[in-house]
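My structure is below; once you've seen it, I'll send some questions.
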Amino acid sequence: MTKADIVNEIARTTGLEKAAVLATIENFMEIVKESLASGENVYLRGFGSFIVKTRCEKTARNISKKTTIVIPEHKIPAFKPARVFMNEVKERQ
């Protein structure tokens, strides 16, 4: 399902204009990105959490050049689904 599909489905079920739904979804995604970029997690009860994880420093190898490099510690965005969400997905399979 794409963002356009989501917009169409929400517009169809709520009766709102597609432009308004698209603007709302775009705004939601921007707020989530800004929150994660500033180190703040986003919790959506019953759905899941958008969190910032820290990856530890590690050593990697470039096999073709036979060199070793150090990848520094860094942060990555992650999504952790709520238990209710995971159970619903499991039941439908």
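Nothing in this text is a laboratory measurement; each read-out follows from the coordinates by a stated rule. Just so you know, these numbers come straight off a predicted model, no measurement behind them. No Cβ is skipped: glycine too gets one built from the backbone with ideal geometry, and neighbour counts run over all protein chains shown.
Using a ≥ b ≥ c from the Cα gyration tensor of the chain (square roots of the eigenvalues), is it rounded, prolate or oblate, where a/c under 1.5 gives rounded and otherwise the larger of a/b and b/c decides, a/b for prolate?
Here the chain falls in the prolate category.
Quick one: compute the contact order of the chain, relative version, from alpha carbon pairs under 8 angstrom and 6+ residues apart, as a percent.
Reported as a whole number, the value is 20 percent.
Another question, if that's okay. Cα convex hull of segment 38-80: mean projected area in nm², to one decimal?
4.1 nm²
Calculate, for E34 and E88, the FRET efficiency according to 1/(1 + (r/R0)^6) with r their C-beta to C-beta distance and R0 25 Å; round to the nearest 0.05.
0.30
Run the dipole for segment 1-60 about the Cα centre, Lys and Arg Cβ at +1, Asp and Glu Cβ at -1, nothing else charged, and hand back the magnitude in debye, nearest 20.
240 debye
If I build a Gaussian network model for the chain, linking alpha-carbon pairs within less than 10 angstrom, which residue out of V32, V52, V70 has the largest mean-square fluctuation?
Between V32, V52, V70, it is V70 that shows the largest mean-square fluctuation.
Right, something else. Among S64, S49, S38, which residue has its Cα furthest toward the positive end of the charge dipole of the chain, with +1 on Lys/Arg Cβ and -1 on Asp/Glu Cβ?
S64
At 222 nm, what helix-only mean residue ellipticity would the chain give, in deg cm²/dmol to the nearest 500, using -39500 (n - 2.57) for each DSSP H run of four or more?
Value at 222 nm, helices only: -14000 deg cm²/dmol.
Express the relative contact order of segment 46-93 as a whole percentage, based on alpha carbon pairs under 8 Å and six or more residues apart in sequence.
46 percent
My understanding is that a pair violates if its Cα-Cα distance is over 19 Å; which of K33/K75; K53/K90; K58/K80 do that in this structure? Please list the in-between numbers first.
Values: K33/K75 13 Å; K53/K90 25 Å; K58/K80 24 Å.
In this structure, K53/K90; K58/K80 lie more than 19 Å apart at Cα.
Further, regarding this structure: By how many nm would the segment from A60 to L44 lengthen if fully extended, with 0.36 nm per residue of separation less the alpha-carbon distance?
Value of the extension gain: 2.2 nm.
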